[in-house]
Amino acid sequence: MVFGVLRSLEGYGAGTLRYFTIQSNILVAAVTLYLLVDGLLRARAGRAPATAEPGGGLAAAYLRGIAMLAISLTGIVFHTLLAPLLPSPIGFDSHVLHTIVPIGFVLDWLVFSRKGRFRFRDVPVWVVYPLVYLAATLLVAAYYDGFYPYPFMDAATYGYGAVARNCAVLLVAFAALAVAYVGVDKLLARWARKRACRLQ
């Protein structure tokens, strides 16, 4: 039944949703919309509840962290592993999805987001989405149509052992990147507090 639904969806061009690139860009769009609406509602209310942090609470931090790690994965994997395999020149739409959106979303966090809301214990939550994507993609490829969106996931060609090693390296690398994001967030929050104290 599940694969029947997949087959019908692909008839409407939904097969592109099987690419992590498309999913992560949709996630960024959804999170950006949530943050904008949340900010507008808080501004309209005049003030946030005493228990909430200005600019969004923990829900906003969770969503931003998950989306930022996912879109970072999209950009870095594309430019390091996939772009060298593609014919040149790479199209503008591809640069938007793999370069402009990842850089723009990270810069938005660096410049506009209130710092100090990321937590190291949130990192395992951030990596759940790539893990679920990996498991679902391998399952669908194995039991549905044998389609692997990316060469490093191609178990039919390289075997599940090689795919497991490839994905384990990527997950460790991006978990380390998530830890780095949290660390930078905390450093910037500490710097902002010190600066605020000097200005008082």
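Can you go through F105, F118 and tell me which one is assigned to a loop (DSSP other than H, G, I, E, B) and closer than 14 Å to L69 by Cα?
After ruling out the rest, the residue left standing is F118.
In the list A196, A162, A176, which residue meets the criterion of being at pLDDT 95 or above, loosely packed, with under 12 Cβ neighbours inside 10 Å and not charged (D, E, K, R)?
Testing whether each residue is at pLDDT 95 or above, loosely packed, with under 12 Cβ neighbours inside 10 Å and not charged (D, E, K, R) leaves just A176.
If a residue has to be in a helix (DSSP H, G or I), touching a Phe, Trp or Tyr at 6+ places or on another chain (Cβ under 6 Å) and closer than 16 Å to N166 by Cβ to count, how many in region 141-152 make the cut?
Summing the residues that are in a helix (DSSP H, G or I), touching a Phe, Trp or Tyr at 6+ places or on another chain (Cβ under 6 Å) and closer than 16 Å to N166 by Cβ in region 141-152 gives 1.
Name the residue, out of L134, L138, L97, that is of a type outside the set (D, E), under 20 Å from L170 (Cα atoms), in contact with a Cys (Cβ under 8 Å, 6 or more places away or on another chain) and assigned to a helix (DSSP H, G or I).
Matching residue, one of L134, L138, L97: L134.
So which of I22, I66 ends up being closer than 25 Å to R119 by Cα, at pLDDT 90 or above and β-branched (V, I, T)?
Unique residue meeting the criteria: I66.
Considering only region 34-47, I want to know if a residue exists there that is hydrophobic (A, V, I, L, M, F, W, C), surrounded by fewer than 10 Cβ atoms within 10 Å (Cβ to Cβ), modelled with pLDDT under 90 and assigned to a helix (DSSP H, G or I).
Looking for residues that are hydrophobic (A, V, I, L, M, F, W, C), surrounded by fewer than 10 Cβ atoms within 10 Å (Cβ to Cβ), modelled with pLDDT under 90 and assigned to a helix (DSSP H, G or I), one finds at least one in region 34-47, hence yes.
Pull out all pairs, ordered by first then second residue, where Cβ-Cβ is under 8 Å, the residues are six or more apart or on different chains, the first lies in region 85-113 and is charged (D, E, K, R) and at pLDDT 85 or above, and the second is surrounded by 15 or more Cβ atoms within 10 Å (Cβ to Cβ) and in a helix (DSSP H, G or I).
D108/T32
Please specify each residue of region 101-154 satisfying the condition of being among the charged types (D, E, K, R), surrounded by 13 or more Cβ atoms within 10 Å (Cβ to Cβ) and closer than 24 Å to A30 by Cα.
D108, R114, K115, R117, R119, D122
Any residue at all in region 179-191 that's acidic (D, E), over 24 Å from P102 (Cβ atoms) and either out of contact with any helix residue (DSSP H, G or I) (no Cβ under 6 Å at 6 or more places or on another chain) or exposed (fewer than 11 other Cβ atoms within 10 Å of the Cβ) (or both)?
no
The values are calculated or read from the model by the stated rules, or taken from the named source; none is laboratory data. Computed from a predicted model, the values in this text were never measured in an experiment. We place every Cβ from the backbone using ideal geometry, glycine too, and count neighbours over all the protein chains shown.
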